[in-house]
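Here's the structure we're looking at; comments come further down.
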Amino acid sequence: MSESAPPTAALPATAPADPEVRERIRRGIEQVLPRVLGVELADIPENACFFDDYGLTSSGIVELVLDIEETLAIQVDVEHLVVDDVRTLDSLTDYVVGHHADED
């Protein structure tokens, strides 16, 4: 088994994230979330549950990831995405930071 990275390798989940990259991704998610949920959000608490507090559905997850990709001009590897990865703003931010690649 080769240890070389695939051509469009995402950042490893264990790699420390650049704070500017993390903040850019977090702001992008905060920008996209109201459109996907169809509600105005003044502030999203870090521990707010997208499913319980905002009614995010499974189809909303797909829309959310696609909108994040478009807004931030990135590709998000969703192969290992599970519900807990999109449960809160922090968990989604962590997932995207650790599983994205910039579009060329």
In segment 12-68, carbon and sulfur make up what percent of the accessible area (probe 1.4 Å)?
51 percent
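Hey, what's segment 50-104 come to in accessible area per residue, 1.4 Å probe, Å²? Spell out each step's value before the answer.
Values: 2870 Å² over 55 residues.
Counting only protein heavy atoms, the per-residue value for segment 50-104 is 52 Å².
The values are calculated or read from the model by the stated rules, or taken from the named source; none is laboratory data. Everything numeric in this text was worked out from a predicted model, so none of it was measured. Heavy atoms of the whole protein, side chains included, go into the accessibility calculation; ligands, DNA and RNA do not. Shrake-Rupley method; radii C 1.70, N 1.55, O 1.52, S 1.80 Å.
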